[in-house]
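Q: The structure's right below; bear with me while I get my questions together.
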Amino acid sequence: MAVAVQVSAQSEAEFQAWLTDFKQQAKSQGISQPTLDMAFADVHLNHKVLELDQRQPEFTRTFWQYFEATVTDWRINKGIELYEENRTLLDNVTQKYGVPGRFLVAFWGMETNYGGFTGNIPIIEALATLAYNPRRSEFFSDQLIYALRILDEGHVPLKQMKGSWAGAMGQTQFMPYNYLRYSVDGDNSGHKDLWNSLPDVFHSSGNFLNKLGWNKEENWGREVQLPAKFDYALADGSTRRPLSEWREMGITLADGRPIPNIDMKAALLMPSDYRGPVFLVYDNFFVIKRWNNSNSYALAVGHLADRLIGREPLVATKPSDDEALSKQHISELQRLLRRLGYKSGGIDGVAGTMTRQAIRDFQIDRNIPADGFPSMHLLKILREAVH
């Protein structure tokens, strides 16, 4: 215990020395001395932030686990209520930025449960801790300067500037750079308050999505159904083809109706194995991913936005054996493929291109739909094949 305290004290001393140098850099970049004195008056190395940054979860959630945890009945029902309650404001934002209000509400729900929890970690301390840590020092040093500029410009009092461990702020969790570049004083108060002002929150989100490239003429995507013996290699989630071309391949909407016979482009995405669901995703799906670069996040935002205007739940249902694969599971999967004569690359617990191709080759040989997807379902099949 004494050793741990000694190391912690040494780290704190080194952090404070680093902070002294950083404050000089910040001053040279135009941050005022009063702001620096105020912002860093009681800042210490935050070990909780370091722990959260370095924590690597052993298990990655499946699509279904993520989806069921985020697109909940409560979030849908509360979102419908808040969508109607703020309809006039949302319609004004849509008219100005071209982003439908249901998406603004969906982001709001996904980020902070409609403002229910915006984070309680002091932003300056979190960013200073992460900037001191060499892992991503340059990125967080820049974000810390941006956060100091927000204080310098007087938009947010220091005591209010609390958020996530990584420095995201307000009801839609803007990083400081995005706050400075995209936030909007929607209520003309003279401040950009993403904690307390819904006009500021919605105008800022609409402006952000508009600048990211939101296409007001299109939706985000649709759940679809694939024909028998479909080439799952086409479902790479990135190659965009006209809807008319997907239609010619026999793809229908999930309820069996035909997809539109038009030239609007879409990519085919399978977030889990061949048992579904499957989506055709449009340009706006990729705009959502520029907010948060995760397929599961973007699908959840899109589907939640649909549910807020009464659209149906997913047609596909979760299989009974849906279970996340750990790194150890994937290593086992790679070893089993190798034992069966398939070139899966290294035994590294990472399902990269070679591993997915090996899975696909195995599936073709066994007359299993060749989705190339590593799953617990597939692992069980491989175990049986070896034994």
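The values are calculated or read from the model by the stated rules, or taken from the named source; none is laboratory data. All values derive from a computational prediction rather than experimental measurement. Because the Cβ atoms are built from the backbone with ideal geometry, glycine has one as well, and the counts that use them run over all protein chains shown. Just so you know, the surface numbers come from the protein's heavy atoms only, side chains and all, with ligands and any DNA or RNA stripped out. Shrake-Rupley method; radii C 1.70, N 1.55, O 1.52, S 1.80 Å.
Q: List the pairs whose first member sits in region 9-32 and is without any contact (Cβ under 8 Å) to a residue 40 or more places away in the chain, whose second member is polar (S, T, N, Q) and part of a helix (DSSP H, G or I), and whose Cβ atoms are under 7 Å apart, counting only residues at least 6 apart or on separate chains?
A: Lys27/Gln33
Q: May I pose another question? Output the helices (runs of 4 or more DSSP H) that fall wholly within region 72-120 and possess 1 or more residues being free of Cβ contacts under 8 Å to residues at least 12 places away in the same chain, or say none.
A: In region 72-120, the matching helices (runs of 4 or more DSSP H) lie at 73-85, 87-97.
Q: Test Ser137 against the stated conditions and say whether it is of a type in the set (Gly, Ala, Ser), without any contact (Cβ under 8 Å) to a residue 60 or more places away in the chain and part of a helix (DSSP H, G or I).
A: Values: of a type in the set (Gly, Ala, Ser): yes; without any contact (Cβ under 8 Å) to a residue 60 or more places away in the chain: yes; part of a helix (DSSP H, G or I): yes.
Considered against the rule, which asks whether it is of a type in the set (Gly, Ala, Ser), without any contact (Cβ under 8 Å) to a residue 60 or more places away in the chain and part of a helix (DSSP H, G or I), Ser137 comes out as yes.
Q: Can we say Asp348 is more than 26 Å from Phe107 (Cα to Cα), part of a loop (DSSP other than H, G, I, E, B), touching a His at 6+ places or on another chain (Cβ under 8 Å) and modelled with pLDDT under 95?
A: The answer is no for Asp348.
Q: For Met249, indicate whether it is more than 25 Å from Ala351 (Cβ to Cβ) and of a type in the set (A, V, I, L, M, F, W, C).
A: Details: more than 25 Å from Ala351 (Cβ to Cβ): yes; of a type in the set (A, V, I, L, M, F, W, C): yes.
Answer is yes for this residue.
Q: For the structure I just gave you, tell me whether Glu125 is without any contact (Cβ under 8 Å) to a residue 12 or more places away in the chain, over 27 Å from Thr317 (Cβ atoms) and charged (D, E, K, R). Spell out the reasoning first.
A: Numbers: without any contact (Cβ under 8 Å) to a residue 12 or more places away in the chain: no; over 27 Å from Thr317 (Cβ atoms): yes; charged (D, E, K, R): yes.
No, not satisfied.
Q: Next up: Residues that are touching a helix residue (DSSP H, G or I) at 6+ places or on another chain (Cβ under 7 Å) and free of Cβ contacts under 8 Å to residues at least 60 places away in the same chain: does region 196-204 have at least one?
A: Checked region 196-204: at least one residue is touching a helix residue (DSSP H, G or I) at 6+ places or on another chain (Cβ under 7 Å) and free of Cβ contacts under 8 Å to residues at least 60 places away in the same chain.
Q: When you look at Asp361, is it open to solvent by 70 Å² or more (accessible area, probe 1.4 Å) and free of Cβ contacts under 8 Å to residues at least 40 places away in the same chain, yes or no?
A: Values: open to solvent by 70 Å² or more (accessible area, probe 1.4 Å): no; free of Cβ contacts under 8 Å to residues at least 40 places away in the same chain: yes.
Here the answer is no, as Asp361 does not meet what is asked.
Q: Right, something else. Return the total of residues in region 221-236 being of a type in the set (A, V, I, L, M) and open to solvent by 90 Å² or more (accessible area, probe 1.4 Å). Before you say what the answer is, go through the steps one by one.
A: Initial filter on region 221-236 (of a type in the set (A, V, I, L, M)): 224, 226, 228, 233-235.
With the extra rule that they be open to solvent by 90 Å² or more (accessible area, probe 1.4 Å), the set shrinks to 228.
Number satisfying all stated conditions: 1.
Q: Checking the structure you have, find out if any residue of region 324-344 is closer than 23 Å to Gln225 by Cα, among the hydroxyl-bearing types (Ser, Thr, Tyr) and over 20 Å from the mean Cα position of the chain (by Cα). Spell out the reasoning first.
A: Within region 324-344, the subset closer than 23 Å to Gln225 by Cα is none.
The answer is no, given that none of the residues of region 324-344 is closer than 23 Å to Gln225 by Cα, among the hydroxyl-bearing types (Ser, Thr, Tyr) and over 20 Å from the mean Cα position of the chain (by Cα).
Q: Right, here's the next one. Could you count how many residues in region 143-198 are more than 21 Å from the chain's Cα centre (by Cα), open to solvent by 40 Å² or more (accessible area, probe 1.4 Å) and within 22 Å of Asp53 (Cα to Cα)?
A: 1
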